[in-house]
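Report on one structure; see the data block that follows.
The values are calculated or read from the model by the stated rules, or taken from the named source; none is laboratory data. None of the values given here were measured: they were computed from a predicted structure. Cβ sites come from the backbone with ideal geometry, for glycine too, and all protein chains shown count toward neighbours. Ligands, DNA and RNA are stripped out before the accessible areas are found, and what is left, the full protein with its side chains, is counted by its heavy atoms. Shrake-Rupley method; radii C 1.70, N 1.55, O 1.52, S 1.80 Å.
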Amino acid sequence: MKSIREIYKIGKGPSSSHTMGPERAAKLFKSRNPGAEAFRVILYGSLSKTGVGHGTDRVLREVLSPLPTEIVFSDEKLENAHPNTMDFIALQNGEQAGFLRVESIGGGDIRIPGSQLAETEDIYPENSFAEISDFLKWRYIGTLSEYVEMNEGPEIWDFLDEVWQTMKRSIAEGLSATGTLPGGLNVQRKARYLYEQHPREEAPALREFQMIAAYAYAVAEQNAANGTVVTAPTCGACGVLPAVLKYAQDTRHFSDRQILRGLATAGIIGSLTKRNASISGAECGCQAEIGTACSMAAAALAELYGQNLDQVEYAAEVAMEHNLGLTCDPICGLVQIPCIERNAVAAMRAMNACNLSYFLTGSRNISYDMVCRAMKETGLNLSHQYKETSEGGLARIYDRRRRK
């Protein structure tokens, strides 16, 4: 299994697969073709359907500038290819001088079919939660965060500290911002409004929801506004984990060092899901993004609250199980509706999953490995209309109403 560094990437929103991935691919192709006079990029699948809304064309032109770049939004369906596939063509004297096919597989990562160049080496010998659990119990290791340090080395804490400081800045910046998000939907920022409300003192549960929702909105709105965020595991789901960790720090007074251990545990859940299922909305729907983020957050909380390994697994499993089938149908291809609100709902669901694991772990029937396989199977069987193409669900209904 890969390093958890592959899960947490710091960069600009609004989409890890539609902006971060293509940006990396464009930089790679540009470096390989220094003699090019112009470029052409052909986008397929989800990249073609929602590339404008996600800013794919904008980021490609920025990276490939100052050379002229033609962006082609293709309707061609590629057999046995990832839904986020793009072809890069370098031109000299009007003729093709270079070619590269790249797949943006989620979380800002790219894959070149038939090549190992984009692959990093495995850090963890174990590739399932069951394998990890058996190893930890055999070695009398109590937590996933210890397991992370054992495999990644003590330097992982400096990396996670940078991740956590970036997450906190995203929350602070999002809470201070007002106005309308870009893209044309006229979506008003709501994080600051949520945070500044004053619910009744006799309603502590309402205050908890208010704070968590405000934090989740703050990060998700920063992402929608092309601000700097951390993929956790993607840009579209970047508000879930920081929201629950910030709330836990506020209310339980955890130190930053303790929060990093929650991030380490969450990273393992994200890595397992990425390896054994998917974190790509274009491949498996929003269950792959928000569902994974919810599982990561639930597991992180369980670690922070001192729950045992079985309880951590159950928290992650409950969180994913109740996101199964979640569709990815962003209106106008923008990471705004329903994406921003969905981050807040998932953050609360992570809290509930963690609380449920405290009481019921001993009675569970489903493992995290099982729910992970179910998520992949469900995702692969979802219609392409519900996998980040904006052709079905809310995106289609909203578009039809606007046309009327």
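Of note:
Table: residues versus (1) touching a helix residue (DSSP H, G or I) at 6+ places or on another chain (Cβ under 8 Å); (2) without any contact (Cβ under 8 Å) to a residue 12 or more places away in the chain; (3) surrounded by fewer than 18 Cβ atoms within 10 Å (Cβ to Cβ); (4) of a type in the set (S, T, N, Q).
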{"site": "182", "(1), (2), (3), (4)": "yes, no, yes, no"}
{"site": "197", "(1), (2), (3), (4)": "yes, no, yes, yes"}
{"site": "205", "(1), (2), (3), (4)": "no, yes, yes, no"}
{"site": "218", "(1), (2), (3), (4)": "yes, no, no, no"}
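- Within the range 1-120, strands (runs of 3 or more DSSP E) holding 3 or more residues that are small (Gly, Ala, Ser): 95-106
- Members of the range 121-133 that are part of a helix (DSSP H, G or I) and either over 18 Å from residue 368 (Cα atoms) or not hydroxyl-bearing (Ser, Thr, Tyr) (or both): 129, 130, 131, 132
- Scan of the range 27-67 for residues that are open to solvent by less than 20 Å² (accessible area, probe 1.4 Å), of a type in the set (A, V, I, L, M) and either under 20 Å from the mean Cα position of the chain (by Cα) or closer than 9 Å to residue 86 by Cβ (or both), ordered by number: 41, 43, 47, 59, 60
- Criterion violated by residue 320 - all others in (1) open to solvent by 20 Å² or more (accessible area, probe 1.4 Å); (2) in contact (Cβ under 8 Å) with a residue 40 or more places away in the chain satisfied: (1)
- Residues in the range 132-174 that are within 21 Å of the chain's Cα centre (by Cα) and either open to solvent by 30 Å² or more (accessible area, probe 1.4 Å) or of a type in the set (Lys, Arg) (or both): 8 in all.
- Residue that is nearest to residue 245 (Cα to Cα), among those in the range 184-193 that are modelled with pLDDT of 95 or more and open to solvent by less than 60 Å² (accessible area, probe 1.4 Å): 191
- On inspection, residue 146 qualifies as out of contact with any helix residue (DSSP H, G or I) (no Cβ under 6 Å at 6 or more places or on another chain), under 26 Å from residue 258 (Cα atoms) and without any contact (Cβ under 8 Å) to a residue 40 or more places away in the chain.
- Selection count, the range 338-348, where residues are surrounded by fewer than 22 Cβ atoms within 10 Å (Cβ to Cβ) and closer than 16 Å to residue 238 by Cβ: 3
- Which listed residue is among the acidic types (Asp, Glu) and closer than 24 Å to residue 327 by Cβ, from 196, 208, 221: 221
- Whether a residue is within 23 Å of the chain's Cα centre (by Cα), open to solvent by 30 Å² or more (accessible area, probe 1.4 Å) and either at pLDDT 90 or above or of a type in the set (A, V, I, L, M, F, W, C) (or both) was assessed, and residue 2 passes this test.
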